Amino acid sequence: MLSARAHSLHIRNLCKHYGRVKAVDDVSFTVARGSFLTLLGPSGSGKTTILMAIAGFVDPTSGDILVDDRVITTLPPEQRNFGMVFQGYALFPHLSVGDNVAFPLNVRKRPKSEVTERVKQALDLVQLGHLADRMPKQLSGGQQQRVALARALVFQPEMLLLDEPLSALDKKLRAELQWELKSLHERVGMTFIYVTHDQEEALTMSDEVAILRDGKIVQSGPPSALYETPRTRFVADFLGKSNFLSGTIEAADGQGFTYRCGQHRFAQARGTGRPGDSVLVSLRPEKLDIAADKPAAPANAIPADILRWSYFGTGVHFQLQAEGIGEVTVTRPSWRLAAPLEVGKRVWLTWDADATTPVADDLRPAS
Ligand SMILES: Nc1ncnc2c1ncn2[C@@H]1O[C@H](COP(=O)(O)OP(=O)(O)O)[C@@H](O)[C@H]1O
Ligand SMILES: [Mg+2]
C-alpha cells in the first residue's frame, strides 16, 4: 500500500522576518500523527511562509521544527521527504501522466518494477488509473490537480504539505475535491498540513484548524469548537458570518450574565464577567429566529422590522432593523418558513441565551 507510517510535527516559536516585516511571529503548534491540520488566514497572514519553512525552502529567523522528536530546522528540503502540492498544477508538460507520477521515484532511482507498481497504485488512489498515457494538457484542471496529488504521494512521503491546491478550480469542482482529499487522507493515514484562505474549505476537511492573523496564531482547535466558541471578533467574523452586540454587564453568576444594550436587557449563558464590564457578543445569523409574537421568557427578544430578504435555495437571509440595535442578519432554512415574511413587516427577533458567544474585541485597527 501507499500508506506510510504517520509522523507528528512540532513547530516551536517559529519566526521569519523579512527586514521589518514579521511574516511569521512566534508561532507554535503541534500536528498529531495522521492528523489533518489546516492553517487558515487572510492573504499575507504568513501561511505560505510557515509551510515553506516546514518544507525547508525558507530558513526560519528563529525557532525549531521537529518531526516526531527529530529536529529538522536546518535540514535541506531534499532530505525531508515531504510530499508537496501547490496552487498551480506544476505538472511537467512534456511528460505523460504516468511519467509525471513516476518522476519522484525515478529521481530516487527506484527499480523499474517498483516504479510501475507504485505509479499504478498512486493513480488508482486518485481514480485516474485509466489516464496514465494522457498528456497533462489533455486533462481538466481537477484531473491535473489529482495527478499532482498522486505524484506527491507516490514516494511514501513522511507527510503531505498542500498550499491552496484547489484555489484555481471552480466552486463545484472544489467542493468535490474537498471530499476526495478528506477521503484520501483517511485512506492513506498520513499527516496532512493544508493551507487555505477559504474558511468553508478549512471547516469541511480538517481535524484541526489554526487561524492566523499578521503572522500569529490567534486561535486553534477542531472546526466545530472554533465555529461555536470563537474567542475574538476577528475569529467569529473570519470563520463564517456574525452579528455583534456591544453592551454592559449588569449581573453575573458564574454560569453566565445579563447585559444591557441601549434600552434592552439580554441574557447570556456560558460567559464570565463582572457588573460594569463592557462586553461584545457574537450572534450567528442561523442561530437567530424571527417570530410573529413576543416569545415567552427566558428567550431574548427585540422588536424589529424586515428591511430586505434574499432567497438562496436552501435558505433565506433576512436583514432586520432591530429596535435600538441597528441592522441584524438572520438566516433561516427556506423549508422552515411558514407565512411569507414581507419587507416592512414588524416582527420579533429572538434567540436563546446559549446561542451566542462573548468575544474579545480585537478588530480595532492593528498598528
Ligand atoms: N520573500 C519575501 N520577501 C519579503 N516579504 C515576504 C516574502 N515572502 C513573504 N513576505 C511577506 O510576508 C507576509 C506573509 O506572506 P505569506 O506567507 O505569503 O502569506 P499568505 O500565504 O498567508 O498569503 C506578507 O506580508 C508577505 O508580503
Ligand atoms: Mg500563500
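The values are calculated or read from the model by the stated rules, or taken from the named source; none is laboratory data. None of the values given here were measured: they were computed from a predicted structure. Positions of Cβ are generated from backbone atoms using ideal geometry, with glycine treated the same way; all protein chains shown enter the neighbour counts. We work out accessible area using only protein heavy atoms, side chains counted, and drop any ligands, DNA or RNA first. Shrake-Rupley method; radii C 1.70, N 1.55, O 1.52, S 1.80 Å.
Beyond 19 Å in Cα-Cα separation lie the following of the pairs K120/K171; K22/K216; K22/K47; K294/K345: K120/K171. Each principal axis of the Cα cloud of the stretch 292-353 was evaluated for its coordinate range; sorted largest first, these ranges are 32, 20, 19 Å.
Quick one: compute a quarter of the convex hull surface over the Cα atoms of the chain and quote it in nm².
Working: hull surface 89.6 nm².
In nm², the orientation-averaged hull projection of the chain is 22.4.
Given in Å, the Rg to one decimal and the Dmax to the nearest whole number for the Cα atoms of the stretch 47-202 are 15.6, 47.
Tell me, in nm to one decimal, what length is gained between S310 and K294 on full extension, where the rule is 0.36 nm per residue of separation less the Cα-Cα distance?
3.3 nm
On the beta carbon distance between S62 and D354, with R0 = 41 Å, the FRET formula returns roughly 0.45.
Computed about the Cα centre, the dipole magnitude for the chain is approximately 600 debye when only Lys and Arg (+1) and Asp and Glu (-1) carry charge, each at its Cβ.
Considering all different alpha carbon pairs of the stretch 1-115, the Kirkwood hydrodynamic radius works out to 16.2 Å. Ordering F92, M190, T258 by the projection of their Cα atoms onto the charge dipole of the chain, which places +1 on the Cβ of Lys and Arg and -1 on the Cβ of Asp and Glu, puts F92 at the extreme positive end. Expressed as a whole percent, the accessible surface of the chain that belongs to carbon and sulfur atoms is 51, based on a 1.4 Å probe. Among L320, L173, L40, the largest mean-square fluctuation in a Gaussian network model of the chain, built with springs joining Cα atoms closer than 10 Å, belongs to L173.
Loop only by DSSP, 13 or fewer other Cβ within 10 Å of the Cβ. Give me the trypsin sites (Lys or Arg not before Pro) in the stretch 10-66 that pass, ordered by residue number. Sparse-neighbourhood loop trypsin sites (Lys or Arg not before Pro): R20.
Exceeding 30 Å between C-alpha atoms, which entries from my cross-link table qualify? They are K137/K241; K182/K287; K16/K287. The pairs that break the limit, which is 30 Å between Cα atoms, are K137/K241; K16/K287. Here the convex hull built on the C-alpha positions of the stretch 242-367 has a volume of 124 cubic angstrom per residue.
Over the chain, accessible surface divided per residue gives 48 Å², non-protein components excluded, 1.4 Å probe.
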